[in-house]
Amino acid sequence: MTDHPDTSKLDRLRFRAWRRGFREADLVLGPFVDRVGPTLDDAELDAFQALLEAEDHQIYAWIIGEAPLPAEYDAAMMAKIQAFMRAHVAAAVAEGAG
């Protein structure tokens, strides 16, 4: 686990990830930052923060692969989110949510 001197940054990202205004995005980004956020280094947190600046429906389209990710966003961060979503959704379905 990465030690973040500025835990308030992670807290702010967690708040923004869970309160996107688009439930589908909330259900991917919120659990992602809860579970993976503490392991991210400062550069990765910055990439995640930059991604959260985009419009909710667009972020979700990038996550599910309906739209190509623009070059200005970190492809490695999106790959982490997409991998998390696949695992998260598979776990939810296995528990009977699907």
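The values are calculated or read from the model by the stated rules, or taken from the named source; none is laboratory data. In this text, all values refer to a predicted model and were calculated from it rather than measured experimentally. We place every Cβ from the backbone using ideal geometry, glycine too, and count neighbours over all the protein chains shown. What goes into the accessible areas is simple: the full protein's heavy atoms, side chains included, and nothing from ligands, DNA or RNA. Shrake-Rupley method; radii C 1.70, N 1.55, O 1.52, S 1.80 Å.
Starting from the range 5-31, take each residue that is over 16 Å from I81 (Cα atoms) and in contact (Cβ under 8 Å) with a residue 60 or more places away in the chain and list its partners that are aromatic (F, W, Y) and surrounded by fewer than 15 Cβ atoms within 10 Å (Cβ to Cβ), counting only C-beta distances under 8 angstrom and pairs at least six apart or across chains.
none
Starting from residues that are under 21 Å from R12 (Cα atoms) and among the small types (G, A, S), keep the ones in the range 45-67 and report whichever is most open to solvent (accessible area, probe 1.4 Å).
It comes out as A50.
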